[in-house]
Amino acid sequence: MKKKAGEQQLPRVVSAARTTGALHLGNYHGALKNWVNLQSNYECYFFAADWHALTTEYEHPQNIRQYTWEMVLDWLGAGLDPKLCTLFIQSHVPEHAELHLLLSMITPLSWLERVPTYKELRSKLKEKHLATYGFLGYPALQSADILIYKPHFIPVGEDQVSHVELTREIARHFQHLYAEHLVKPLFPEPQVLLTQASKMPGLDGQKMSKSYHNTIGLRADPKTVEQQIKTMPTDPARVRRSDPGEPEKCPVWRFHQVYSSKETQEWVQTGCRTAGIGCLDCKKPVVEAVLAEQAPIRARAEQYEKDPDTVRDILAEGCKNARRIASETLCEVRETMGLSVL
């Protein structure tokens, strides 16, 4: 939120998303919806992390530019307001890269190797060649992304808390190394602003994820969404319309837990167990609720899509604002590390 004269500065929040593909409802419920709520109460900086996308997609970078554009449209469609928050692209603020370089000089290798997701992702993505410095060092880049804005809070899920703790550890290490050159700590240690875990299931009942090929696109065509939900698997016991079922064994029930009222949920529970309703009957309220949620998102995004110059202006202004703050921090870091201009 832009500060007006006489107004007290709001606590600052920084967050980002890797540009690795179109957003889906899991992304919306897991992070983006929370960002929209935060922008009214915090000074928010949200950026498209295209450098982070390169850590795993460096062999196939041809889609990153388009993914970045589509993701920004998703953000604007979901309700992020450039009058309330700063939106920008990571690679357009080169100060991130320089701070990453400087922090890498002081970050022990063992700290990077112990990051939980490092071994986990190398194990999961065996088809990719991830024995690179970029992949090993991405948590240090992530720390630079955060510290360069001196934020008060970082909104993350529980699985990302370790990354914020590494950032705090690097900040403490910097403060300790250069204590004699600092009147006060240069980097405030950011606090975790824990985001409630997404309860958005995938079409198969698992967590919604591109890796599982079970997603519903955030701005997917309504007919596609309807078809996806209508063809979802249900309780295997319901072979015929007259067979009773158990909602807890049905992926559709998890959608009702996200979208349906208590009354509708009770209707599903009773109707399924008594075979009073069929599976298509059960799916109809889910289709209606998902489409109702997507409609305003799609409408806002379409307006921006028709006016690409406005989107470019939003990003240019966001990058300008981000670079102003990042440059100030970087000047302090250079001075502290003996790299000031003669």
(request) Would you check if residue 203 is open to solvent by 60 Å² or more (accessible area, probe 1.4 Å), aliphatic (A, V, I, L, M) and under 30 Å from residue 252 (Cα atoms)? (result) no
(request) Evaluate the following for residue 176: is it free of Cβ contacts under 8 Å to residues at least 12 places away in the same chain and closer than 30 Å to residue 283 by Cβ? (result) no
(request) Could you list, in sequence order, all residues of region 138-157 that are of a type outside the set (Asp, Glu) and part of a helix (DSSP H, G or I)? (result) 138, 139, 140, 141, 142, 143, 144, 146, 147
(message) Just checking, does region 189-199 include any residue being in a helix (DSSP H, G or I) and out of contact with any Lys or Arg (no Cβ under 6 Å at 6 or more places or on another chain)?
(response) no
(request) Check off (1) modelled with pLDDT of 95 or more; (2) in a loop (DSSP other than H, G, I, E, B); (3) open to solvent by 80 Å² or more (accessible area, probe 1.4 Å) for residue 185 and give me the number that stays unchecked. (result) (1)
(message) I want to confirm something. Restricting to region 35-52 and keeping residues that are among the hydrophobic types (A, V, I, L, M, F, W, C) and part of a helix (DSSP H, G or I), which single residue is most open to solvent (accessible area, probe 1.4 Å)?
(response) 51
(request) Please state which of the following conditions residue 171 fails to meet, knowing it meets all the rest: (1) open to solvent by 60 Å² or more (accessible area, probe 1.4 Å); (2) modelled with pLDDT of 95 or more. (result) (1)
(request) Scan region 315-326 and report the pairs whose first residue is within 17 Å of residue 84 (Cβ to Cβ) and whose second residue is in a helix (DSSP H, G or I) and open to solvent by less than 10 Å² (accessible area, probe 1.4 Å), with Cβ atoms within less than 8 Å and a gap of 6+ or a chain change. (result) 315/72
(request) At least 3 residues that are open to solvent by less than 60 Å² (accessible area, probe 1.4 Å), more than 26 Å from residue 147 (Cβ to Cβ) and not β-branched (Val, Ile, Thr) in each: list the helices (runs of 4 or more DSSP H) lying fully within region 53-129 that qualify. (result) 64-78
(message) Considering only region 270-284, I want to know if a residue exists there that is hydrophobic (A, V, I, L, M, F, W, C), touching a Cys at 6+ places or on another chain (Cβ under 9 Å), more than 23 Å from residue 24 (Cβ to Cβ) and without any contact (Cβ under 8 Å) to a residue 40 or more places away in the chain.
(response) yes
(request) Considering every residue within region 235-243, establish whether at least one is touching an Asp or Glu at 6+ places or on another chain (Cβ under 8 Å), assigned to a loop (DSSP other than H, G, I, E, B) and in contact (Cβ under 8 Å) with a residue 12 or more places away in the chain. (result) yes
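Condition check ((1) closer than 27 Å to residue 328 by Cα; (2) among the basic types (Lys, Arg); (3) touching a residue at least 40 places away in the same chain (Cβ under 8 Å)) across all residues:
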residue	(1), (2), (3)
38	yes, no, yes
49	yes, no, yes
53	yes, no, no
59	no, no, yes
70	no, no, yes
77	no, no, yes
84	yes, no, yes
(request) Run down 17, 48 and say which single residue is under 11 Å from the mean Cα position of the chain (by Cα), modelled with pLDDT of 95 or more, more than 27 Å from residue 258 (Cα to Cα) and not aromatic (Phe, Trp, Tyr). (result) 48
(request) Could you tell me whether residue 122 is free of Cβ contacts under 8 Å to residues at least 24 places away in the same chain and in contact with a Phe, Trp or Tyr (Cβ under 9 Å, 6 or more places away or on another chain)? (result) yes
(request) Give the residues of region 99-151 that are in contact with a Pro (Cβ under 9 Å, 6 or more places away or on another chain) and charged (D, E, K, R), sorted by residue number. (result) 150
(message) Just to be sure before I move on: is residue 145 of a type in the set (D, E, K, R) and either farther than 20 Å from residue 195 by Cβ or open to solvent by less than 20 Å² (accessible area, probe 1.4 Å) (or both) in the structure I sent?
(response) yes
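The values are calculated or read from the model by the stated rules, or taken from the named source; none is laboratory data. If you're wondering where the values come from, they're calculated on a predicted model, not measured in any experiment. So basically every Cβ, Gly included, is an ideal-geometry build from the backbone, and we count neighbours across all protein chains shown. Accessible surface areas use protein heavy atoms only, side chains included; no ligands, DNA or RNA. Shrake-Rupley method; radii C 1.70, N 1.55, O 1.52, S 1.80 Å.
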